[in-house]
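Colleague: I'd like to ask you about the structure that follows.
The values are calculated or read from the model by the stated rules, or taken from the named source; none is laboratory data. Being a predicted model, the structure only gives us computed values, none of them experimental. Every residue, glycine as well, gets a Cβ built from its backbone with ideal geometry; the counts of neighbours run over all protein chains shown. Side chains included, ligands, DNA and RNA excluded: accessible areas come from the protein's heavy atoms. Shrake-Rupley method; radii C 1.70, N 1.55, O 1.52, S 1.80 Å.
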Amino acid sequence: MVPRVEALREAATAVEQEKEVLLEMIHSIQNSQDMRQISEGEREELNLTANRLMGRTLTVEVSVETIRNPQQQESLKQATRIIDEVVSKFLDDLGNAKSHLMSLYSACSSEVPAGPVDQKFQSIVIGCALEDQKKIKRRLETLLRNIENSDKAIKLLEHSKGASKTLQQNTESRFN
């Protein structure tokens with residue numbers, strides 16, 4: 001009976017993770033640079049489909065509760081607060097927020113980190129239940145991926161603005 005209960009929890013956790021991945025993929029498609037390259041009609045149709053899929057995905061409710069002692073509950077609350085504070089500062093200072101998230105992620109990693117490790121955060125995460133540690137690490141991975149995708153989109157946008165400015169300058173010089 002115990003193996004079946006654990007298998008059920010693992011399957012439900014896998015469904016939770018799949019939902020997160022699907023939502024991230026749909027959001028990524030909606031905000032893709034490729035959306036600018038297609039016709040208005042195709043874009044509208046793609047957005048309608050993406051919104052419909054997003055709505056359908058959000059109707060899936062799966063919850064795997066983690067049993068925590070009071071100390072684990074407090075550690076989870078502290079870790080979540082720290083991540084939320086960094087996220088709230090994204091718009092003010094994206095570069096600093098990204099490096100701070102990297103140090104938080106390094107604190108969750110069992111591998112030798114490439115950069116600095118937030119020791120305080122690491123001790124907080126260690127105080128969390130194992131399932132919560134995994135969720136915290138996944139959340140940080142998702143946030144870092146989203147920042148990376150945002151950086152790429154900004155660079156593409158800047159590049160396309162630069163290219164159109166050069167084209168405009170070339171056109172103006174031909175007519176003058």
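Colleague: If R₀ is 45 angstrom, what is the calculated FRET efficiency for the pair Arg4 and Asn96, using the beta carbon separation as r and rounding to 0.05?
Modeller: Details: r = 47 Å, r/R0 = 1.05.
Here the calculated transfer efficiency is 0.40.
Colleague: Report the gain in length on full extension from Leu46 to Glu65: 0.36 nm times residue separation, minus Cα-Cα distance, nm rounded to one decimal.
Modeller: On the way: separation 19, 0.36 × 19 = 6.84 nm, distance 3.55 nm.
Fully extending the segment from Leu46 to Glu65 adds 3.3 nm.
Colleague: Going by Cα centres, the stretch 116-143 and the stretch 18-40 are how many Å apart?
Modeller: Between the Cα centres of the stretch 116-143 and the stretch 18-40 lies a distance of 28 Å.
Colleague: Number of Lys pairs in the stretch 1-130 with C-alpha atoms less than 22 angstrom apart, excluding same-chain neighbours closer than eight positions? Walk me through the numbers on the way to the answer.
Modeller: Numbers: Lys77/Lys89; Lys77/Lys98; Lys77/Lys120; Lys89/Lys98; Lys89/Lys120; Lys98/Lys120.
Lysine pairs meeting the criterion: 6.
Colleague: Farthest toward the dipole's positive end in the stretch 1-58, which of Leu8, Gln37, Ile26, given Cβ charges of +1 (Lys, Arg) and -1 (Asp, Glu) about the Cα centre?
Modeller: My answer, from the dipole projection, is Leu8.
Colleague: Further, regarding this structure: What distance in nm separates the two pseudo spin-label positions at Asn149 and Ile38, each 7 Å out from Cα along the beta-carbon direction?
Modeller: Reported label-point gap for Asn149 and Ile38 is 1.6 nm.
Colleague: Can you check what the Kirkwood hydrodynamic radius comes to for the stretch 104-149, Cα pairs only, in Å to one decimal? Please list the in-between numbers first.
Modeller: Details: mean 1/r = 0.0916 Å⁻¹.
So the Kirkwood estimate lands at 10.9 Å.
Colleague: Carbon-plus-sulfur fraction of the accessible area of the chain, 1.4 Å probe, in percent?
Modeller: Working: 7130 of 12600 Å².
So the carbon and sulfur contribution to the accessible surface is 57 percent.
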